Amino acid sequence: MTAAKAEMREDVAPGDVVMSVRDLKVHFILKSGLFGGGGTVRAVDGVSFDVFKGETLGLVGESGCGKTTTGRAILRLTTPTAGHVLFNGRDLAAITDREMRLASRDLQMIFQDPYASLNPRMCIGDIVAEPIRVHGLKTGARAVKDRVDELLALVGLNPRLATRYPHEFSGGQRQRIGIARALAVEPSFLVCDEAVSALDVSVQAQIINLFEELQGKLGLTYLFIAHG
């Protein structure tokens, strides 16, 4: 991805910036093979932008330009080569893995392929409950179940479907499950990696409307990655 820079808006106070990415680089070293080769792939090379609280920032580009790598580097799912990722003033590129695991409660990702991101051997109730249990957000089976029911209803799914498995749902419903799982840890910032591109056009509109509704209800901030 070529360098892009989003300047601070004059009408917004600096404290309203929740995510500030500066000169982010992700380079991959290619090993030499039997017939030579090697070298460096500059997947992301000097990207800078700001995301303001409660807004949606679109990151748009062609396939292979580094959009997804940028999103993954922000969440440290891919290790940045250089640069700074300031979330509420804290540089995520410089903290330890343990500190990043704690910070991940505030930062979640919605993946492009909802089916690939869901464990096919787990019912959707357990899928949504897993992060609640891992982070110790609720104690007791009843409290966890009540929270799962609340999350499923929040994304437009009947809580009675909690015992079903991912293959029993449509693509749009599976994406709603993925959103419910991400919201289970009560994040404030979501990276949406082409979250509607694998869905039918009519379903895309429904999911986009859901994102807007959730943003209004929960005050979420989005980095929305899309194909240009």
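Scanning the stretch 138-157 for residues that are within 22 Å of Leu210 (Cβ to Cβ) and open to solvent by less than 80 Å² (accessible area, probe 1.4 Å) yields Asp146, Arg147, Val148, Asp149, Leu151, Leu152, Ala153, Leu154, Val155, Gly156, Leu157. Would a scan of the stretch 10-18 turn up a residue that is open to solvent by less than 40 Å² (accessible area, probe 1.4 Å), at pLDDT below 85 and in a loop (DSSP other than H, G, I, E, B)? Within the stretch 10-18, one or more residues are open to solvent by less than 40 Å² (accessible area, probe 1.4 Å), at pLDDT below 85 and in a loop (DSSP other than H, G, I, E, B).
Whenever a residue of the stretch 119-143 is among the acidic types (Asp, Glu), its partners that are open to solvent by 50 Å² or more (accessible area, probe 1.4 Å), lying with C-beta atoms within less than 8 angstrom and at least six residues away or across chains, give the pairs Glu130/Arg181.
Give the stretch 177-208 a look and list any residue that's open to solvent by 10 Å² or more (accessible area, probe 1.4 Å) and either within 17 Å of Glu55 (Cβ to Cβ) or among the β-branched types (Val, Ile, Thr) (or both), or say none. Selection gives Pro187, Ser188, Val196, Val201, Val203, Ile208. Only one of the numbered conditions (1) outside any loop (DSSP other than H, G, I, E, B); (2) out of contact with any Asp or Glu (no Cβ under 8 Å at 6 or more places or on another chain); (3) over 18 Å from Ala195 (Cβ atoms) is not met by Ala93, and that is (1). Determine, yes or no, whether Arg133 is over 13 Å from the mean Cα position of the chain (by Cα) and open to solvent by 40 Å² or more (accessible area, probe 1.4 Å). It is true that Arg133 is over 13 Å from the mean Cα position of the chain (by Cα) and open to solvent by 40 Å² or more (accessible area, probe 1.4 Å). Scanning the stretch 144-173 for residues that are out of contact with any Gly (no Cβ under 8 Å at 6 or more places or on another chain), touching a residue at least 12 places away in the same chain (Cβ under 8 Å) and over 25 Å from Ala205 (Cβ atoms) turns up Val144, Arg147, Asp149, Tyr165.
Counting only helices (runs of 4 or more DSSP H) that sit completely within the stretch 120-228, those holding 1 or more residues that are farther than 24 Å from Leu77 by Cα and of a type in the set (A, V, I, L, M) correspond to 141-154, 201-218.
Remark: pairs (first residue in the stretch 174-200, over 16 Å from Ala153 (Cβ atoms); second residue part of a strand (DSSP E or B) and among the small types (Gly, Ala, Ser); Cβ separation under 7 Å; 6+ apart in sequence or on different chains) = Glu194/Ala226.
Over 13 Å from Leu223 (Cβ atoms) and open to solvent by 70 Å² or more (accessible area, probe 1.4 Å): which single residue out of Thr96, Thr78 fits that description? On inspection, the qualifying residue turns out to be Thr96. Condition check for Val51 on (1) crowded, with 21+ Cβ neighbours inside 10 Å; (2) in a helix (DSSP H, G or I): one failure, at (2). On inspection, Thr68 passes the criterion of being β-branched (Val, Ile, Thr), surrounded by 20 or more Cβ atoms within 10 Å (Cβ to Cβ) and either within 27 Å of Gly219 (Cβ to Cβ) or within 18 Å of the chain's Cα centre (by Cα) (or both). Confirm whether Asp113 is charged (D, E, K, R), in a helix (DSSP H, G or I) and either open to solvent by 30 Å² or more (accessible area, probe 1.4 Å) or closer than 30 Å to Ala82 by Cα (or both). Spelling it out, it is not the case that Asp113 is charged (D, E, K, R), in a helix (DSSP H, G or I) and either open to solvent by 30 Å² or more (accessible area, probe 1.4 Å) or closer than 30 Å to Ala82 by Cα (or both).
The values are calculated or read from the model by the stated rules, or taken from the named source; none is laboratory data. Keep in mind it's a predicted model, so treat the numbers as computed, not measured. Neighbour counts run over all protein chains shown; Cβ positions are idealised from the backbone, glycine included. Each accessible area value is taken on the protein alone, full model and side chains, heavy atoms only, with ligands, DNA and RNA left out. Shrake-Rupley method; radii C 1.70, N 1.55, O 1.52, S 1.80 Å.
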